[in-house]
Amino acid sequence: MRTKHLIPHHAAGYTYARAYPTIGGGYGGGGGGDGGDGGVDPFERFPEEVLGLIVSKLPFRSAVAASAISRRWRGVAAAAPVLDLDFAAAFPAAPRRRAAFAAAATAALSRPHHPLCRIRLALDGLFDQAFAASAANHLASWLAAAAVRGVEQLELHLPRSRLAVLPPSLIACTNLTSLTLRLDHYAHPLPSLRSLTRLSHLHLAAITLAGDNFFADLFSHCKQLRYLVLEKCRIGALCLAGSMQLCSLAITDCSWIQQSSIAFSDMPALRTLHYSGAMASRHIIDNVDSLEEVVLAIKQPQVKLQEPNLRELLTLVGNVHSLMLSPWCIEQFARPEEWSKVRLNNVRQLACVIERREEGAASIAPLLANCQNVEELSVSVVPSQCKRRRGSDDGSYHGVLGGKGAVLRHLRAVRMVYIDESKSGLELVKLLLKNTPMLEMMTIVPSMDGLEQAKFRRRVLKLRKASRDADIQFSATG
């Protein structure tokens with residue numbers, strides 16, 4: 001394989017190899033013959049597996065360049081247990097570089113007797129015009145070679161192209177324990193992963209999920225699946241039922257069709273749920289009461305949700321120990337309807353994000369009254385909303401924030417980010433100091449600078465504290 005145009009002239013390893021023969025020239029018998037010690041490559045006696053570990057720490061371009069150090073290093077990239085084949089990062093977009101990249105990647109996967117732990121294939125720019133058909137053939141052969149080498153972790157990034165299709169050789173990687181598929185506008189249905197019985201971590205990104213047959217088949221065959229991440233997928237119906245080992249589920253920034261639904265059912269091991277971005281129009285939840293950590297970073301929906309669907313969603317947080325809520329979710333918990341008063345007695349760590357400073361702070365008090373056993377509290381204001389706006393404080397929230405019933409007897413640590421000296425902000429600090437008899441540390445990151453920050457600090461330090469041991473600190477960074 002020709003690598004002249006791939007190797008930078010200033011490669012550190014090549015420079016070192018040229019300079020090394022001048023070191024230690026007096027240790028052995030004479031010149032540069034094969035029998036003497038002078039000028040010997042220091043890595044000459046290293047096993048090939050050790051050299052493979054060394055090049056696995058390098059970017060793929062540098063790993064290919066290392067083959068020019070000496071004969072001993074030639075082809076050592078094929079012994080690397082970890083390969084990061086990122087075309088866009090390794091080579092500029094040019095036809096001759098695509099062919100060179102394909103040849104180098106094929107050579108790096110050419111030794112079946114060396115085990116392969118992890119491989120990352122990021123092929124943005126490789127599927128381009130006339131080379132797209134060749135790229136598809138190379139992808140199939142690379143995954144087949146990785147399957148022969150027993151690859152355990154695979155991350156595959158495919159660009160938008162009608163020829164960028166998941167080849168059948170993907171299913172042959174039966175030793176996979178972790179699989180990440182990042183497919184840009186992939187138009188084909190996902191193949192069944194039933195042969196990947198050892199799979200424990202699955203990450204699907206930018207994929208269209210039309211129905212629930214894929215997950216029904218997945219859970220029925222991949223019994224060891226523990227972590228599932230759905231990122232920026234387009235989903236119609238999502239049925240997650242019968243997974244006995246699934247302990248973590250993340251639904252991040254997904255888009256939904258108009259009549260979309262999520263069904264959670266019979267997942268006794270589920271402990272962590274991250275649900276952010278847009279939300280489905282319907283939630284069906286049955287026998288999911290083992291959650292310990294929930295993040296509801298949901299945006300306000302475009303259309304008004306039906307109350308039964310919203311009630312189903314909020315009941316997910318009934319038994320959790322760690323809870324994070326977005327501004328819209330905080331507003332839902334503060335609503336006066338009886339069905340929305342979900343008891344949160346088990347919450348020990350609570351994080352709240354306030355979007356509208358003058359309104360969001362008012363909703364914190366009802367939420368805190370519902371979390372009597374919280375021990376750690378974090379309140380942060382969206383930076384763009386933390387500045388004072390004229391007429392924003394009219395005193396209408398004073399009674400809510402100063403009301404009784406929000407005594408937090410177990411709260412020990414509070415962190416408040418981008419809080420200012422407005423009435424709502426100061427009242428929130430006052431409320432916490434007044435109703436936390438066990439408070440040990442309150443950290444405040446003000447949103448002001450200079451004299452305004454100093455004024456706010458003096459006012460806070462004069463407030464009455466229910467805890468004698470409470471230490472108030474001000475920080476400049478959030």
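Throughout, read-outs are computed from the coordinates displayed, never taken from laboratory work. Please read all numbers here as calculations on a predicted model, not as lab measurements. Cβ: placed from backbone, ideal geometry, glycine included. Neighbour counts: every protein chain shown.
Could you give the length gained on full extension between HIS203 and ARG160, defined as 0.36 nm per residue of separation minus the Cα-Cα distance, in nm?
Length gained, HIS203 through ARG160: 13.6 nm.
Set the Förster radius R0 to 30 Å, insert the Cβ-Cβ distance between ASP286 and HIS185 as r into 1/(1 + (r/R0)^6), and round the FRET efficiency to 0.05.
With a Förster radius of 30 Å, E is 0.35.
Label-point separation (nm) for ARG74 and ARG234, each offset 7 Å from Cα along Cα-to-Cβ?
Using points 7 Å along Cα→Cβ, the separation is 5.1 nm.
For the modelled label position 7 Å from the Cα of PHE46 along Cα-to-Cβ, which residues of the range 90-133 have backbone nitrogen atoms closer than 20 Å?
From the range 90-133, the list is 108-111, 114-118.
Taking the simple approach of a point 7 Å from Cα along Cα-to-Cβ for both GLN129 and GLU293, what is their distance in nm?
4.8 nm
With r as the distance between the Cβ atoms of ALA466 and VAL342 and R0 = 22 Å, compute the FRET efficiency 1/(1 + (r/R0)^6) and round to 0.05.
Working: r = 27 Å, r/R0 = 1.22.
That gives a FRET efficiency of 0.25.
Quick one: if you stick a label point 7 Å off each Cα along the C-beta vector at SER220 and ARG459, how many nm between them?
Reported label-point gap for SER220 and ARG459 is 6.4 nm.
Percent of Cα-Cα pairs more than 26 Å apart in the range 185-334, please. Kindly include the intermediate steps, with their values, before the conclusion.
Working: 2270 of 11175 pairs.
Tail fraction, whole percent: 20.
Using the number of other C-beta atoms within 10 angstrom as an exposure proxy, rank ARG45, ARG311 with the fewest first. Please list the in-between numbers first.
Values: ARG45 9, ARG311 17.
Lowest count first: ARG45, ARG311.
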